[in-house]
Amino acid sequence: MLRFSTAGESHGESLVALVSGLPAGVPVDQEFISRELWRRQKGYGRGGRMRIERDTAHILSGVRHGKTIGSPVAMTIANNDWKNWTDILPVEEGDPAKHKAVASPRPGHADLAGALKYNFPDARYVLERASARESTARVASGALAKLLLRELGVEVLSHVIRVGKAELSRPAKWEEIVALSQKDEVLLNCVDLEDEARMKAEVDAVLRTGDTVGGVFEVIVHGLPPGIGTHVNWDERLDGILAQAVMSLQAVKAVEIGRGVTAAESFGSTVHDAIGYEGSEEDFTKFSRDHNNAGGLEGGISNGQDVIVRGYLKPISTLRRPLASVSFETREPVKAAYERSDVCVVPAAGVAAEAMVALAVARQVLVKFGGDSLAETKRNYNGYLQQIRKY
């Protein structure tokens with residue numbers, strides 16, 4: 001069973017990722033992992049922290065001679081900013097006078113809820129773990145899942161379809177999204193330059209006013225065959241698994257599969273994807289669809305079309321012009337605390353969501369096909385492809 005976990009704080013010494021359950025023999029491209037981490041750091045509207053960090057995953061175990069060996073893969077990603085926090089957040093008791101309290105909770109953040117839950121006098125420790133900096137370890141973990149899926153011909157990528165009120169005005173093609181992921185300069189990760197310029201204007205507006213802006217990213221799983229996930233138990237449905245995976249990301253407040261939102265206001269005759277029997281030799285089966293409104297999932301099972309998952313990202317909670325709050329110490333009205341932060345993170349959130357989707361899909365692929373080695377997994381996978389092709 002493919003599993004992963006992360007550890008570490010935003011300003012701690014490093015982040016840690018632990019991935020277990022990968023079959024032996026998966027090629028591990030460390031340059032690919034580094035590029036995934038680089039993609040997460042980029043995007044118009046990112047803050048000063050990204051000028052400090054140069055994220056690189058250091059693999060400690062589970063990979064030898066360039067391939068997985070079946071044991072857990074442990075990775076660390078150093079925080080370059082740690083040198084400025086060694087006295088503020090020491091592991092040992094340290095000097096309490098050097099503690100940097102988050103004295104008033106930020107509306108929209110985990111500050112107050114976390115401080116109440118863990119009985120902390122301020123929100124420093126809550127902020128450190130709740131921060132989206134944690135998603136760096138998820139991206140490193142997701143890169144391994146992507147490398148496994150790539151061996152089976154499955155790819156996972158994202159693009160931005162909305163920032164604020166500026167929205168992508170046309171459907172994106174898979175080839176465009178691939179080309180976007182290969183760019184060496186990242187603005188807002190939108191396939192249309194004119195639409196991206198309007199998105200940039202949304203970010204510029206909040207930069208001037210000290211505000212923040214959210215948006216919508218879209219993750220596509222390309223090349224996934226029908227039959228991944230199942231309808232038989234509520235917690236094994238792939239749509240539910242993907243929704244939970246993406247919703248778990250910081251600041252994501254809604255998840256949509258395919259045309260999920262607009263489908264709710266439409267007639268069934270305009271929503272459901274009519275079935276034909278005219279697929280080409282390149283398709284998984286000869287069954288075909290006239291659209292992909294279902295987002296590649298029906299009944300919790302992949303149907304062979306691209307799986308499309310959208311995440312709706314709220315604006316970042318930390319504002320340069322803070323909202324009203326209350327002092328933890330005095331309970332008097334004050335402005336919310338300010339920590340160095342971003343203005344727009346929609347492209348970065350999309351990359352983090354790619355990782356979560358890749359991990360979720362890779363896990364379900366291994367549930368179905370198993371395999372202690374990549375060769376065994378591929379043998380089972382290819383046998384299944386022959387089966388559905390003959391159906």
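No value in this document is a laboratory result; all are computed from the given coordinates. Small disclaimer: the values here were computed from a predicted structure and weren't measured. All Cβ positions, glycine included, derive from the backbone under ideal geometry; neighbour counts span all protein chains shown.
Using Cβ counts within 10 Å as a stand-in for footprinting exposure, how do Thr6, Thr285 rank, fewest first? Lowest count first: Thr285, Thr6.
Placing a pseudo-label 7 Å from each Cα along the Cα-to-Cβ vector at Thr262 and Lys368 gives an inter-label distance of 2.8 nm.
Within the chain, which whole H helices from DSSP have a Cα span along their axis of at least 15 Å and a mean Kyte-Doolittle hydropathy of -0.5 or more, if any?
Details: long enough: 30-41 (17 Å, -1.51); 135-151 (24 Å, 0.44); 193-209 (24 Å, -0.46); 346-369 (34 Å, 1.44); 374-390 (24 Å, -1.42).
Taking the DSSP H segments of the chain (at least 15 Å long, mean hydropathy at least -0.5), we get 135-151, 193-209, 346-369.
Count the net charge of all other residues whose Cβ sits under 11 Å from the Cβ of Ile388, scoring Lys and Arg as +1 and Asp and Glu as -1. Here the charged neighbours net out to +2. Ordering Leu366, Trp38, Gly383 by Cα displacement along the dipole of the chain toward the positive end leaves Trp38 in first place; charges were set at the Cβ atoms of Lys, Arg (+1) and Asp, Glu (-1). Taken along its three principal axes, the alpha carbon spread of region 233-285 comes to 42, 28, 23 Å, from the longest extent down to the shortest.
What's the local net charge at Asn303, with K and R +1, D and E -1, over the other residues with C-beta under 12 Å away? That sum, taken over residues with Cβ under 12 Å, equals -4.
A simple spin-label model places the labels of Asn380 and Lys117 3.5 nm from each other, with each point 7 Å out along Cα-to-Cβ. Between the amide H of Val28 and those of Lys67, Thr68, distances stay under 5 Å, these residues lying 5 or more places away or on another chain, with hydrogens modeled in the peptide plane.
In order along region 73-89, the phi-based Karplus estimate (6.51 cos²θ - 1.76 cosθ + 1.60, θ = phi - 60°) of 3J(HN,Hα) comes to 9, 10, 9, 10, 10, 5, 9, 5, 6, 4, 4, 8, 10, 4, 8, 7, 10 Hz; Gly and Pro are listed as x. Between the residues Thr270, Val255, Ile301, the greatest Cα displacement towards the positive end of the dipole of the chain, with unit charges on the Cβ of Lys, Arg, Asp and Glu, is found for Val255. Amide H contacts of Asp342 (H built 1.01 Å from N, in plane; Pro and chain starts excluded): Gly47 sit under 5 Å, all sequence-distant by 5 or more or on other chains.
Do any GluC sites (Glu not before Pro) in region 237-334 lie in a DSSP loop with no more than 16 other beta carbon atoms within 10 Å, and if so, which? If you can, show how the numbers build up before the last one.
Details: sites: Glu256, Glu265, Glu278, Glu281, Glu282, Glu298, Glu329; in loops: Glu265, Glu278, Glu281, Glu282, Glu329.
Those that pass, being in a loop and sparsely packed, are Glu265, Glu278, Glu281, Glu282, Glu329.
Here the simple spin-label model places points 7 Å from the Cα toward Cβ, and for Met247 and Tyr391 these points are separated by 2.8 nm. Projecting the Cα atoms of Pro105, Leu22, Ser181 onto the charge dipole of the chain (Cβ charges, centred on the Cα centre) puts Pro105 farthest toward the positive pole.
Computed from point charges on the beta carbon alone (+1 for Lys and Arg, -1 for Asp and Glu), the dipole magnitude for the chain about its Cα centre is near 400 Debye. Applied to region 312-328, the Karplus parametrisation 6.51 cos²θ - 1.76 cosθ + 1.60 on θ = phi - 60° returns per-residue 3J(HN,Hα) values of 9, 9, 6, x, 4, 6, 7, 10, 5, 10, x, 7, 5, 8, 9, 5, 4 Hz, with x for Gly and Pro. The H on the amide N of Phe287, modeled in the peptide plane, is under 5 Å from the matching H of Gly279, each at least 5 residues off or on a different chain.
Neighbour counts of other C-beta atoms within 10 Å: give me Asp372, Asp273 arranged from fewest to most.
Details: Asp372 11, Asp273 19.
The order, fewest Cβ neighbours first, is Asp372, Asp273.
Computed log10 I(q)/I(0) for region 1-105 at 0.15, 0.16, 0.19, 0.21 Å⁻¹: -0.78, -0.85, -1.03, -1.13, from the Debye equation with unit scatterers placed on every C-alpha and solvent omitted. Counted by Cβ distance under 12 Å from Gln250, the other residues give a net charge of +3, where Lys and Arg count +1 and Asp and Glu count -1. Summed over qualifying helices (DSSP H, 4 residues or more, each -39500 (n - 2.57)) and divided by its residue number, the chain shows a 222 nm mean residue ellipticity of -10000 deg cm²/dmol.
Let's see if you can work this out: charge +1 on each Lys and Arg Cβ, -1 on each Asp and Glu Cβ, no other charges. What is the dipole magnitude of region 209-342 about its Cα centre, in debye to the nearest 20?
In debye, rounded to 20, region 209-342 gives about 780.
Here the residues Val365, Val357, Val261, Val255, ranked from fewest to most Cβ neighbours within 10 Å of their Cβ, fall in the order Val261, Val255, Val365, Val357. Ellipsoid semi-axes for region 3-390, based on the Cα gyration tensor and the rule √(5λ), read 37, 26, 19 Å when sorted largest first.
Of Gln305, Gln244, Gln41, the residue with the greatest mean-square motion in the GNM of the chain, using alpha carbon springs below 10 Å, is Gln244.
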